[in-house]
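Down below is the structure, laid out as structure tokens.
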Amino acid sequence: MLIRLGHPSAAIRWATYAHHAETHLHGPAAGTTLTALHTLATAHRLVGHHQRAYHLYRHLAEQLATTAGPEAHRTLAAQASLAVVLHQLGHCARARTLLADTITAHRHAHPGHPASDRMIGHLARMWQHCAEQRHHHPDAG
């Protein structure tokens, strides 16, 4: 909400504080800590700190894969967000591959879940953007 109100640095500070507090109080793998980590990653992504968001989403996906399982909805959602950030960093081929693999896993583990359709929409936009930017070759992404 702070980002939408025009206070991105305050949003980052609060999200950082929440993540550190939850880690200290409950440990790095607790559900509330992972929720705070997700909020922090999202805040960085929304303000354009894509490199930082990439590392946070990657850590989140790894933690969720360990705690909730590799096919858990939250794990796959974190992987989808990671793919979106990879695309924002200009890694078209890697982003498309990760998102396509995530969609396949999500549809298998959670048939009919509406998140699959949102992921497919993101993938279609990636393909279009990458084509417009001429990122056809796997090494160009």
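Is there any pair linking a residue in the stretch 12-24 that is open to solvent by 50 Å² or more (accessible area, probe 1.4 Å) to one that is modelled with pLDDT under 95 and among the polar types (S, T, N, Q), with Cβ under 9 Å and at least six apart or on different chains, and which?
Trp14/Thr39
State whether one or more residues within the stretch 1-14 are closer than 30 Å to Ala100 by Cβ, out of contact with any Cys (no Cβ under 7 Å at 6 or more places or on another chain) and in a helix (DSSP H, G or I).
no
At pLDDT 95 or above, touching a Leu at 6+ places or on another chain (Cβ under 6 Å), under 30 Å from Cys130 (Cα atoms) and not β-branched (Val, Ile, Thr): does that describe Leu99? Reasoning before the result, please.
Numbers: at pLDDT 95 or above: yes; touching a Leu at 6+ places or on another chain (Cβ under 6 Å): yes; under 30 Å from Cys130 (Cα atoms): yes; not β-branched (Val, Ile, Thr): yes.
The answer is yes for Leu99.
Name, by its number, the condition in (1) of a type outside the set (Val, Ile, Thr); (2) within 11 Å of the chain's Cα centre (by Cα); (3) open to solvent by 50 Å² or more (accessible area, probe 1.4 Å) that does not hold for Ala83.
Only one criterion in (1) of a type outside the set (Val, Ile, Thr); (2) within 11 Å of the chain's Cα centre (by Cα); (3) open to solvent by 50 Å² or more (accessible area, probe 1.4 Å) is unmet by Ala83, namely (3).
Considering only the stretch 81-103, state which residues are in a loop (DSSP other than H, G, I, E, B) and in contact with a helix residue (DSSP H, G or I) (Cβ under 8 Å, 6 or more places away or on another chain).
Residues of the stretch 81-103 in a loop (DSSP other than H, G, I, E, B): 89-91.
The answer is Leu89, and nothing else.
Out of all the residues in the stretch 86-96, is one or more open to solvent by 10 Å² or more (accessible area, probe 1.4 Å) and in contact with a Pro (Cβ under 6 Å, 6 or more places away or on another chain)?
yes
So which of Ala78, Ala124 is open to solvent by 30 Å² or more (accessible area, probe 1.4 Å), in a helix (DSSP H, G or I) and small (Gly, Ala, Ser)?
Ala124
Picking from His129, His106, which residue would you name as being part of a helix (DSSP H, G or I), open to solvent by 60 Å² or more (accessible area, probe 1.4 Å) and in contact (Cβ under 8 Å) with a residue 12 or more places away in the chain?
His129
Taking Glu62 as the residue in question, decide whether it is surrounded by fewer than 20 Cβ atoms within 10 Å (Cβ to Cβ), at pLDDT below 95 and among the acidic types (Asp, Glu). Lay out the reasoning, then the answer.
Values: surrounded by fewer than 20 Cβ atoms within 10 Å (Cβ to Cβ): yes; at pLDDT below 95: no; among the acidic types (Asp, Glu): yes.
In short, no.
Given (1) closer than 30 Å to Ala131 by Cα; (2) surrounded by 23 or more Cβ atoms within 10 Å (Cβ to Cβ), identify the lone condition not met by Leu37.
Looking at each condition in turn, Leu37 falls short on (1).
The values are calculated or read from the model by the stated rules, or taken from the named source; none is laboratory data. Quick caveat, the model's predicted, so the values are computed rather than measured. Ideal geometry is used to build each Cβ from the backbone, glycine not excepted, and the neighbour counts take in all protein chains shown. The protein model used for the area step is the full one, side chains on, heavy atoms only, and it has no ligands, DNA or RNA in it. Shrake-Rupley method; radii C 1.70, N 1.55, O 1.52, S 1.80 Å.
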